[in-house]
Amino acid sequence: MIGNTKQLVTFQLGEDRYGIDIMRVKEIYASHMVRPIPHAPAYIEGVLNLRGEIIPIINLHRRFGIAKAVLNEDDAMLSGFVIIDLAGMKVGVIIDKILSVAEINQSTIQPPPQMITNIGAEYIEGVSSQDAAGYLVILNIDRLFDVKELGRLRMLRSFRAISEEELSKSSATSK
């Protein structure tokens, strides 16, 4: 936060614009190579091996009941993940399209209405009117998951995806 402003990384999710405090964003990643995890909750897309670190990937479309945005080819190149700091661990959030870093005046942020789009007010820090661009939903990432769900995410970080090469080595040595 700078003075009376707040810097947000903004992105599109479905047909709406969302923002996350820039200080919580570690990086933006364009890959879509996610390893699914059997029996994981529906909102967990899987894990991503990011430079040797296992990152759980969250699908907010499923979490909030939001349809994916229909993007043209150019916009689709701006989709991927926002890697955030959540309770001391890195977690990836799937986005439809990265938009920008926006500086929002604190006075334009209104309390969340009881229902906005399909997500509950408990996940929202506030809503800011953006004139021609409509409104911006500011997410409160600390409220996205309860303690039990955070525990599951921590367990996923220890998941180690076995590569095809490792599988073939182990089957060759057991013969």
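The values are calculated or read from the model by the stated rules, or taken from the named source; none is laboratory data. The structure presented is a predicted model; accordingly, all values stated were derived computationally and were not measured. As a convention, Cβ positions derive from the backbone with ideal geometry for all residues, glycine included, and neighbour counts pool all protein chains shown.
Here are the numbers:
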read-out: Top-ranked residue in the stretch 1-42 [being in contact with a Leu (Cβ under 7 Å, 6 or more places away or on another chain) and among the β-branched types (Val, Ile, Thr); ranked as modelled with the lowest pLDDT]; value: 37
read-out: Condition check for residue 70: of a type outside the set (Gly, Ala, Ser) and assigned to a loop (DSSP other than H, G, I, E, B); value: yes
